[in-house]
Amino acid sequence: MVETVEELRQHSSALPDLKRKREQLAQVRAEQSVLEAKKQPIRMKFMFIMDDANNSNGTIELTDDDKQKLNDLELNWEKYIKGLADAQQIINKNYAELKAEMENIIDDFKKEVQEKRTEFKQQAPTAVDKNAEFDN
């Protein structure tokens, strides 16, 4: 999950990359409810294991690392959701930058075409000499 968020948050100015990131973000958001639904069963399994270990001679005992992961589950989930929101903002910003860049390129092209048109109108012949000879 962390790798996905970090990948989505990377700056990109190529349209295919932005499109892929937008699609990937949509897919992750679609799966978000499935992931969120898994939190409570995971928490319940951990609690069962801890109760079993405390009340009897349970065969499974949680390590301190496992207990810390359980305690950090909600905090990490919130970081994940915030990371997705940040990724959405970054992707939108990258799209806006790309759009502005393309609009500038188009405007520059339009100006160049208008300049060439004006130049042509100034230099183009206005009459045709029917008796003119051409070198072939």
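Brief remarks follow.
- In segment 87-136, the qualifying residues are those that are acidic (D, E) and surrounded by 10 or more Cβ atoms within 10 Å (Cβ to Cβ), and the one that is nearest to T4 (Cα to Cα) is E97.
- Residue in segment 15-26 that is farthest from Q89 (Cα to Cα), counting only those that are touching a residue at least 24 places away in the same chain (Cβ under 8 Å) and aliphatic (A, V, I, L, M): L15
Okay, residues lined up against (1) assigned to a helix (DSSP H, G or I); (2) among the charged types (D, E, K, R); (3) in contact (Cβ under 8 Å) with a residue 24 or more places away in the chain:
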position: N71; (1), (2), (3): yes, no, no
position: L84; (1), (2), (3): yes, no, yes
position: A87; (1), (2), (3): yes, no, yes
position: N92; (1), (2), (3): yes, no, no
position: A96; (1), (2), (3): yes, no, no
position: I106; (1), (2), (3): yes, no, no
position: E119; (1), (2), (3): yes, yes, no
position: Q122; (1), (2), (3): yes, no, no
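- Here is the figure for segment 81-121: residues that are among the hydroxyl-bearing types (S, T, Y) and within 19 Å of the chain's Cα centre (by Cα) total 1.
Each value in this text was obtained by applying a stated rule to the coordinates, not by laboratory testing. What you see is a predicted model; the values in this text were computed from it and never measured. Note: ideal-geometry Cβ built from the backbone for every residue, glycine included; neighbour counts use all protein chains shown.
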